[in-house]
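Participant: Before we start, here is the structure in question, set down as structure tokens.
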Amino acid sequence: MSKSGNSKKFLLVGLAGLVLGFSLMIAFNYLWVNSSKNDSCMSCHVHPESDASWKQSIHYNNDSGVMTDCVACHLPPKGSFEYVKAKALTGMKDMWSYLTKNPEDIDWDSKGELEYAQTIVYNESCKACHVNIFPSGMTDEGVTAHLYYEENEEKLNLQCISCHLDAGHYNPNYKHEALTSAPTTGGDLYAEAAAVTEFKNFTETVPGTSASINMIAIPGGSFKMGSPENEPFHKADEAPQRNVTISPFFMAEVEVTWDQFWAFYGETMSEGRTPPEVIYANNTREDCDAVSGPTPPFGFPDQGWGMGSRPAITMTHYSAETFCQWLSLKTGKKYRLPTEAEWEYAARGGTETPYYFEGSPKDYTNDGFWNGLFGADTTVINSHVIYMNNSKNRTQEPTKMKANPFGLKNMLGNVMEYCSDWYAEDAYSQLQDGAVDPKGPAEGEEHVVRGGYYVDDAANLRSAARGKTNHVEWLRTDPQNPKSIWWYSDIKGVGFRVVCEVPEGVVAQ
């Protein structure tokens, strides 16, 4: 073939390559652009309510008429390498889920929780759209919160969505405002407290409210506090084991419920920002005949999960102690938080095994190669404990669980429960063997919490497992100055259960 023929062939091949390449570029650009449109997102995201909840949110339904697209929140700002990377990875993940997962098997409720939302919403994108975080018309509380965010964003790793969870998908149960009055619980008001004349279970009736508390008579006895070194998942702060004797007492059948806590809140709520030192002074007076209760929480502290008989959550240790003080004044009995020794004694219900029910932590844990591959054994534990494998990332009503041998429900799981003791890692080393009704260290920085909560693995729910408050971290995003002494902003899984001392004249077993 002549040189002229070769040149023409080369030109034709080159031209065809350019056309093909250009066509591929156009096709790729079309796919790239259109895959970021809302219709494309909705075609893969089969959440039955995502489209409807988005169109009800302020990102779609607002006074300005500006619509915020899905990718504006769920991808980093356009023009960055992170945008390209996140779009490619998210697209592959979404397509794989669309092709392999059954929408009916997905726990959609948990996808609306803050913990999950923080993994799929980019704070940089929020800031790119909301350049001015102090718009006109903002409330004083909003200015305070945004100032706190601006000053502490990097140090505390704060995210906009922590306070604006409902901005992109409307949630009728999420409130971005102060709760200025107690939710009404209904029911007839009790005229007087329950009379206790013998040591047996009774129902406390709180005068002037419709709240009642089922109290279980816990017989006195001795037990081994802590766990042996050969117990699976044993930790150093659970040793050495000590023989401890506990006097009889009454303990609430379940954690303090929202119905019970709102009765307290409704009678004692502190309006405005009463200085903490004033609250402390008034509530610790020996001649105190009334208590000052919590200031309004920001939003609904039940997280939209439901109130009623679900455990009250997010209140501080001080708030729980004040509830006990109020309950004592209302009923004429001595109510308080349990000591750590009382709590473990009650939780065990006379058993010496890792749980009050049968089974090994090795079988119930999600840790380990075998259980991670084939799944943990849930046949027994599921009927006794609200935990990682059955909670749906939220608290549940206590009536769903079986009681322990003493008749107490949810001693393990659901929510961590405050004890009156200060926490010390070596508390048991300081404890004498054979101690009677020990009360733990005389002082400390954090309080003991027991029982684990709804996102814990079974290994952390053993009767001997110990925990502690994390006061500073649990108030991390609270913008108030001073920070709240009543409500935690960064922990959902903590509550409490009350103990009643045996009244004088009542013969206990």
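The values are calculated or read from the model by the stated rules, or taken from the named source; none is laboratory data. In this text the structure is predicted, and so the values were computed from the model without any measurement. Here the Cβ is made from the backbone with ideal geometry for all residues, glycine too, and neighbour counts use every protein chain on show. Note: areas computed on protein heavy atoms with side chains; ligands, DNA, RNA excluded. Shrake-Rupley method; radii C 1.70, N 1.55, O 1.52, S 1.80 Å.
Participant: If R0 is 30 Å, what FRET efficiency do you get for Thr379 and Val455 from their C-beta distance, rounded to 0.05?
Facilitator: With a Förster radius of 30 Å, E is 0.90.
Participant: Related question: Computed FRET efficiency, Cβ-Cβ of Val143 and Lys9, R0 51 Å: what is it to the nearest 0.05?
Facilitator: Step by step, r from the Cβ atoms, then E = 0.10.
Participant: Taking the Cβ-Cβ separation of Glu192 and Ala281 as r and a Förster radius of 22 Å, what is the calculated FRET efficiency to the nearest 0.05?
Facilitator: 0.10
Participant: Quick one: pull the percent of accessible area on the chain belonging to carbon and sulfur, 1.4 Å probe, ligands and nucleic acids left out.
Facilitator: On the chain, the fraction of accessible area on carbon and sulfur atoms equals 54 percent.
Participant: Scan (i) 65, 56, 52; (ii) 70, 53, 41; (iii) 119, 57, 40 for the value of Cα extents along the principal axes in Å calculated from this model and give just the label.
Facilitator: Given (i) 65, 56, 52; (ii) 70, 53, 41; (iii) 119, 57, 40, the calculated one carries the label (iii).
Participant: Here is a follow-up. List the GluC sites (Glu not before Pro) within region 206-267 that DSSP assigns to loop and that have no more than 16 neighbouring Cβ atoms inside 10 Å.
Facilitator: Glu229
Participant: Suppose each label sits 7 Å from its Cα in the direction of the beta carbon; what would the Ser222-Glu501 distance come out to in nanometres?
Facilitator: 2.4 nm
Participant: Now for a separate question. Given the Cα-Cα distance of Glu473 and Glu124 and 0.36 nm per residue of separation, how much length would full extension add, in nm?
Facilitator: Taking 0.36 nm per residue and subtracting the Cα distance, the gain is 123.3 nm.
Participant: Return one number: the angle in degrees, 0 to 90 and rounded to the nearest 10, between the long axis of the Cα atoms of helix 317-331 and the longest principal axis of the Cα atoms of the chain.
Facilitator: So the helix axis and the longest Cα principal axis differ by about 40 degrees.
Participant: Just how large is the dipole of the chain about the Cα centre, in debye to the nearest 20, putting +1 at every Lys and Arg Cβ and -1 at every Asp and Glu Cβ?
Facilitator: So the dipole magnitude of the chain works out to roughly 2220 debye.
Participant: Shifting gears a bit: How much accessible area does Glu358 have with a 1.4 Å probe, in Å² rounded to the nearest 10?
Facilitator: About 140 Å², rounded to the nearest 10.
Participant: Restricting to DSSP loop positions (anything but H, G, I, E, B) with no more than 13 other Cβ atoms inside 10 Å of their own Cβ, which GluC sites (Glu not before Pro) remain in region 128-192?
Facilitator: When the GluC sites (Glu not before Pro) of region 128-192 are filtered for loop state and at most 13 Cβ neighbours within 10 Å, Glu177, Glu192 remain.
Participant: Sticking with the crude label model, points 7 Å out along Cα→Cβ, report the distance from Asp107 to Asn62 in nm, one decimal please.
Facilitator: Computed distance between label sites Asp107 and Asn62 equals 3.2 nm.
Participant: Can I ask one more? Which entries of Lys93/Lys127; Lys235/Lys334; Lys333/Lys392; Lys55/Lys400; Lys93/Lys235 show an alpha-carbon separation above 27 angstrom in the structure shown?
Facilitator: Lys235/Lys334; Lys333/Lys392; Lys55/Lys400; Lys93/Lys235
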